[in-house]
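Undergrad: The structure is given below, and queries will be raised subsequently.
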Amino acid sequence: KEQARLIGGNMAGKTPRALAAEFRVARERNPRLQKAVYHASLALPKGEVLEDDRWCDIADDYIAGMGFEGSQYAVYRHSDRDHDHIHIVASRIRILDGTTVTDSWDYPRSEKVIRELEKQYQLTPTPSSRERDSRAPTTGEMRRVWRTGEVGIRELLLTQIEQATADSPTMPEFMNQLQANGVNVRVGYTRTGKVKGISYALDGVAFSGTKLGRAYTFPGLQKHRGVRYSSDMQAAIEAINQRPPLTAEERWQQQQERTQIVAPILYQIIQSADGMAYQGRTYATHWDGSHLTLKRLSDDQQLMQAAWNVETERWEPTELSHLGEPEVEQLQLGLKRFEQQQQQDRTQTAAAIVADYLERLGEDSHQGRTYEAYWEDESLVFIRRQDQARLMTARWDETAKAWEQVEPSQLQAKDMENLNQVYQRLQAYEREQREQRQRQRSQLEL
């Protein structure tokens, strides 16, 4: 039986011990991260074989597609089974800055990247793990499509389960996550206390684990999805079983509340980006003047459509949303990162304008009708006079050739607009002065 061979990656080490030492260096950048290593397996259909170089190219593109740029990774090749395949081991901690590669929705993102690589490298398409592990709908189930929309709910339910198992939770944690997202999940027990099975229901449509597929049964969740279970969890599971299922009204209320959290975030991002749409790595949002939509890129699933209600002065869903707690948390975190980057970008522009303005005036400080600016030691301070808010304190970093925030900036879009207008007026005035001096010199020469 042939052992795994190291064939690629971006690490210097060639032995397991050397590679482990390199991974520990990245681990030190973020020691509190629980799941620091990402594993992936890419396989060819039976009978197909690739050269090492081609496998390395595919692995490199997979790593890039999953957002692991700047992370350490190693590629191992196995030829001990009836089909050629590789394993990729990657650090979720970027070595340069210690930031973390998200593992949210890593399954659907991975499947999307794999489908793209199959086209790019002209490989024979292979069934996804969902296609292998889930059972196809029966003829009877398909007859209910038009009446109940069950197939769409089935796909949504599979995605909810995959999301809830992303971090290898315990069985009670897994159940709580699904319940929080509107999925009613129940574990059945025999009279003797043995587990009989697990069932799921979403929007009134119920499935047993067996109906969904082997990876979604009670033992399958442990074997294929990494859910942890021990017999001492029975009391917690039975307590979850006793919770009344969410009614349609409760589900709608839940999605209304989540929409009212998410929609303002999306609208703020779109407005700040000065456009009608914005796309990140995981989500895309669009505003058409009346409706605001949110779509998940990995599976093209629309998670929300909302409109602004003038009477209630709040965002309300126009269709049943499918926002889970992870979406809410991730978008709140995404807004925070967006605002931080936005303030960094605004600081670069504002500091350059204010510093140049003071230099042109030949002054260390200046007070206008709306703003005040001055040098404080080596820091440039910019204040709004109306409320004495310190909008920016920045220092020039000669090494980075950039302005850095001494303290978090609070520059708003209106401040940037005012600064640009003042700067343009100053430039126009100086241009007029230069032209006037040039005309005067021309007259003297005559």
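The values are calculated or read from the model by the stated rules, or taken from the named source; none is laboratory data. A quick note: this is a predicted structure, and the numbers were derived from the prediction, not measured. Glycine also receives a Cβ, built like all others from the backbone with ideal geometry; neighbour counts cover every protein chain displayed.
Undergrad: Listed residues Ser290, Ser272, Ser365, Ser379; which is outside the structural domain of Gln412 (by TED's automatic domain parsing), more than 30 Å from Gly67 (Cβ to Cβ) and polar (S, T, N, Q)? Spell out the reasoning first.
TA: Details: Ser272 fails: more than 30 Å from Gly67 (Cβ to Cβ); Ser365 fails: outside the structural domain of Gln412 (by TED's automatic domain parsing); Ser379 fails: outside the structural domain of Gln412 (by TED's automatic domain parsing).
Step by step, each of Ser290, Ser272, Ser365, Ser379 is checked, and only Ser290 is outside the structural domain of Gln412 (by TED's automatic domain parsing), more than 30 Å from Gly67 (Cβ to Cβ) and polar (S, T, N, Q).
Undergrad: For the stretch 179-214, how many residues meet the condition of being in a loop (DSSP other than H, G, I, E, B) and closer than 23 Å to Glu327 by Cα?
TA: Let us first name the residues in the stretch 179-214 that are in a loop (DSSP other than H, G, I, E, B), namely 181-183, 190-194, 203-204.
So of that shortlist, the ones also closer than 23 Å to Glu327 by Cα come out as 181-183, 203-204.
Residues meeting the conditions: 5.
Undergrad: Starting from residues that are over 30 Å from Gln177 (Cα atoms) and hydroxyl-bearing (Ser, Thr, Tyr), keep the ones in the stretch 83-127 and report whichever is modelled with the lowest pLDDT. Can you show your working first?
TA: First pass over the stretch 83-127, keeping only residues over 30 Å from Gln177 (Cα atoms): 83-86, 95-97, 116-126.
From what is left, the residues that are hydroxyl-bearing (Ser, Thr, Tyr) are 121, 124, 126.
Working: Tyr121: 91, Thr124: 86, Thr126: 72.
If we take residues in the stretch 83-127 being over 30 Å from Gln177 (Cα atoms) and hydroxyl-bearing (Ser, Thr, Tyr), then Thr126 is modelled with the lowest pLDDT.
Undergrad: Checking the condition closer than 17 Å to Pro326 by Cα, surrounded by 15 or more Cβ atoms within 10 Å (Cβ to Cβ) and at pLDDT 90 or above, which residue from Phe218, Phe174 passes?
TA: Working: Phe218 fails: closer than 17 Å to Pro326 by Cα.
The unique qualifying residue is Phe174.
Undergrad: Farther than 18 Å from Ile153 by Cα, assigned to a loop (DSSP other than H, G, I, E, B) and at pLDDT below 90 - does that describe any residue in the stretch 323-339?
TA: Within the stretch 323-339 (the criterion being farther than 18 Å from Ile153 by Cα, assigned to a loop (DSSP other than H, G, I, E, B) and at pLDDT below 90), the answer is no, since none of the residues qualifies.
Okay, residues lined up against (1) of a type in the set (Gly, Ala, Ser); (2) assigned by TED's automatic domain parsing to the domain that holds Thr318; (3) in contact with a strand residue (DSSP E or B) (Cβ under 7 Å, 6 or more places away or on another chain):
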residue	(1), (2), (3)
Phe218	no, no, yes
Gly226	yes, no, no
Ser230	yes, no, no
Met233	no, no, yes
Gln255	no, yes, yes
Thr259	no, yes, yes
Ile265	no, yes, no
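Undergrad: Which of the residues that make up the stretch 277-294 are part of a loop (DSSP other than H, G, I, E, B) and either more than 14 Å from Gln330 (Cβ to Cβ) or out of contact with any Lys or Arg (no Cβ under 8 Å at 6 or more places or on another chain) (or both)? Full working, then the answer.
TA: Step one: filter the stretch 277-294 for residues part of a loop (DSSP other than H, G, I, E, B), giving 280-282, 288-291.
Listed by number, the residues that qualify are Gly280, Arg281, Asp288, Gly289, Ser290, His291.
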